[in-house]
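Trainee: This is the structure, below, for whatever I ask next.
The values are calculated or read from the model by the stated rules, or taken from the named source; none is laboratory data. Owing to the predicted nature of the structure, the values given are computational and were not obtained by experimental measurement. All Cβ positions, even for glycine, are placed from backbone atoms using ideal geometry, and neighbour counts span all protein chains on display. What goes into the accessible areas is simple: the full protein's heavy atoms, side chains included, and nothing from ligands, DNA or RNA. Shrake-Rupley method; radii C 1.70, N 1.55, O 1.52, S 1.80 Å.
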Amino acid sequence: MTLQKNPLLNQELKSLNLNFQELKPSHFSEAFEHLLPLAEKEHLDSISCEPTYENLFLKSENSEQLNIAYHLLHSLVSLDSSDELRQVQENYSNKIISFYMKTSLDVNVYNQIMKLKNSANFNDLTEGQIKTVNEVIKSFNQSGVHLPQEQKNELTQLNIELDNLRQQFEQNLTNYIEFSGFHVNLEDLDGLPERSILSAKTEKDGKIVYFVDENSGLFDDIMTFAKSSELRKKVYEVKKLSGRHPQFNNIDIISHIHLKKQKTAEILGYASYSELSLEDNIAKNPLNVSNFLNELGQKALPKAHADFHLIHDFGTKLLQKSQLDPWDYSYVQNKYKELHLFINEEQIRNYFPVKHVVSKTFEYFSKLFNIEIREAAHLPLWNSDVKYYEIFENNQKISSFFFDPYARNGKMPGAWADGIIVRDFETQQRLPVAMMVCNNPKDNNNESTFKFYELVTFFHEFGHLLHHCLSKVDYSMFSCFNNVQRDAIEFPSQFLENFVYQYEVIEYISSHIETKEPLHPNDFKKLYDLKLFMSGLFLTRFVQMSEMDLILYSQTEQDPISIEKESLKKWQVNPNSDLDNLRMPQFSHIFGGGYESNYYSYQWAEILSLDLLDEFSMNFDNTEKIQSLAQSYKENVLYTGGYNDMEFNFYQILGRKPNMDKYLKYYGIIS
């Protein structure tokens, strides 16, 4: 293999215009071996050069190429967990992290940047360049640039170990999903929709058998529909072991991550990792977050208790037992929806075929934001189901993205949007490129429909994607997701996901798989009312998970499992709930997902999103007003990336601070 033929060393990498079918693990190895010494030379040059903005900030092409290739490798490992790709990741993670830690802690580079800041020509720079310089100086100081070399080395080692632990954590969850499926008898599936039974049906040794697992969506279907209490119990126990099975155990891993995060904060001079993590957030510090969560939890508890008694009383009569078991609740809630709310979610999902909904959703928001999303041809991708799209504004391409919609073996569970390449118009005309990932199961006809909550998730991730892809900031330090406050990063996603509760949107994107009719307004009204169903329990559970995250990273005395068990008791609504059904060993968000001490941000950001959405809701019959609001949102949030604080952006749209009452009314906490 010659360097010229390595796609990761060509300009095509910077737009991801790659033939993914021909992209080999060896390409990554070769690229890293080639780029690391070149990036190191760029670093040394920045120490010895004349301290101008161009020399210090615009001459890092090899370092950027290395960063893109490394980010791409991480993404592909999540999408196709082959042993070969993981081996490359293991082989080079330490070297690459060491390089970036070295550059972020080099006092010689810091001194060069300070010379630039103190020079007579500094104020001649553009506003964005001055902002970039100041942000980099701040980052150097927060990273520990003035620490003794021994402590810098310790920080580097901690970061290497944390990355390795994160990889092990994710791999255990992915491997367990593939391991945990099992065969069942046809009669065990009584109560499941025909779609689910056909999905379970397979052939082994020339015989028809039935196999259920997480990737197919059948575990969720069993918990919701299966009449067999024994089968529901078995699935419950299987799901409960995620992250705790002896072969795929994350208990020690999360304890190590917790302690290493705390050690990092200690070296940097912070009392806890929470203080370090929250310093630049809107909330600012752990006390403010704790107060927010306690206030929200106390307001939600009365409705949570009412929710529990409602479903418990109904369920015990339905199942003719004095006490519900943990594996009964999804089944009982579904029956309550059918009998009292007149909602059949299995019938509802027939209005949301994935291919149609995706197409119409892109079309709807293209009109709303005055853009155009076009499916485009691309060199072969990593899977035949993946689609490639380009986004245009005023007939000019502004970004592109890949959409990987379906579940499959080897793919990490969940849904996410990942900004692989950020906009950078300082050094080159580099446009944003992103990936959006879902895990919708396909049926035996190779088709898929959205459950309503899956539709909400799809809209959520699309909100993230637009935040990345519509950025107009030319400085990479602030473009796309970069420098966005962590407790504001969910604002665009939460905002967009709540569009599913606007009938104008649902009418536009829905189409029954047989009749092609949109969802009827009466059925939509039921879905709309459904958001209040069990909302007290939902918010209380959110508070409990957010609080245990905050407490975990605010101290070192207790291990993660002890903290979770105490938190479960504190917020316990069901007196017989299973306190051994633990979230921590599978809580990807706070063990490498970037939400350490920040899980609260989902509801913090939703206060902003629901307040803004209320303005849209009141004006859906006023085309001119809607277009004006959409344009303002696009200009003040989507365009601006992390250039301004989100509080400022919000004020630019509505001319006031957010109103929490809209949020509390939405969840039925206040009338």
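Trainee: Give all pairs with beta carbons closer than 7 Å in which a residue from the stretch 222-246 that is farther than 23 Å from residue 345 by Cα meets a residue that is outside any helix (DSSP H, G or I) and open to solvent by 20 Å² or more (accessible area, probe 1.4 Å); count only pairs at least 6 apart in sequence or on separate chains.
Mentor: 240/581
Trainee: Let me ask something else about it. Tell me, which helices (runs of 4 or more DSSP H) lie completely within the stretch 532-623 with 3 or more residues that are crowded, with 22+ Cβ neighbours inside 10 Å and among the hydrophobic types (A, V, I, L, M, F, W, C)?
Mentor: 535-552, 601-617
Trainee: Filter the stretch 403-417 down to the residues that are open to solvent by 30 Å² or more (accessible area, probe 1.4 Å) and not in a loop (DSSP other than H, G, I, E, B) and list them by number.
Mentor: Hit for the stretch 403-417 is 416, nothing else.
So that you can scan it fast, the table gives a plain yes or no per residue for (1) open to solvent by 10 Å² or more (accessible area, probe 1.4 Å); (2) hydroxyl-bearing (Ser, Thr, Tyr); (3) free of Cβ contacts under 8 Å to residues at least 40 places away in the same chain:
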| site | (1), (2), (3) |
| --- | --- |
| 474 | yes, no, no |
| 479 | no, yes, no |
| 487 | no, no, no |
| 491 | no, no, no |
| 500 | no, no, no |
| 507 | yes, no, yes |
| 513 | yes, no, no |
| 523 | yes, no, no |
| 527 | no, no, no |
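Trainee: Something else about it: Can you find a residue in the stretch 7-18 that is of a type in the set (Lys, Arg) and over 30 Å from the mean Cα position of the chain (by Cα)?
Mentor: no
Trainee: Can you pull out every residue in the stretch 233-271 that is part of a helix (DSSP H, G or I) and of a type in the set (S, T, N, Q)?
Mentor: 255, 262, 264
Trainee: Something else now. I need the full set of residues from the stretch 115-131 which are without any contact (Cβ under 8 Å) to a residue 12 or more places away in the chain and either assigned to a helix (DSSP H, G or I) or of a type in the set (Gly, Ala, Ser) (or both), in order please.
Mentor: If the condition is that a residue be without any contact (Cβ under 8 Å) to a residue 12 or more places away in the chain and either assigned to a helix (DSSP H, G or I) or of a type in the set (Gly, Ala, Ser) (or both), then 120, 122, 123, 124, 127, 130 are the ones that fit.
Trainee: From the list 308, 342, 362, 292, exactly one residue is open to solvent by 50 Å² or more (accessible area, probe 1.4 Å), out of contact with any Asp or Glu (no Cβ under 8 Å at 6 or more places or on another chain) and of a type in the set (Phe, Trp, Tyr). Which is it?
Mentor: 342
Trainee: Which numbered condition trips up residue 455, out of (1) in contact with a helix residue (DSSP H, G or I) (Cβ under 7 Å, 6 or more places away or on another chain); (2) open to solvent by 20 Å² or more (accessible area, probe 1.4 Å); (3) of a type outside the set (Gly, Ala, Ser)?
Mentor: The one condition residue 455 does not meet is (2).
Trainee: Another question, if that's okay. So, of the residues in the stretch 624-671 that are open to solvent by 60 Å² or more (accessible area, probe 1.4 Å), part of a helix (DSSP H, G or I) and not acidic (Asp, Glu), which turns out to be farthest from residue 489 (Cα to Cα)?
Mentor: My answer is 625.
Trainee: State which residue is nearest to residue 161 (Cα to Cα) when the search covers only the stretch 277-289 and only residues that are touching a residue at least 24 places away in the same chain (Cβ under 8 Å) and open to solvent by 10 Å² or more (accessible area, probe 1.4 Å).
Mentor: Per the stated criteria, the residue is 277.
Trainee: Among the candidates 402, 425, 352, single out the residue that is out of contact with any strand residue (DSSP E or B) (no Cβ under 8 Å at 6 or more places or on another chain) and hydrophobic (A, V, I, L, M, F, W, C).
Mentor: Answer to the check: 425.
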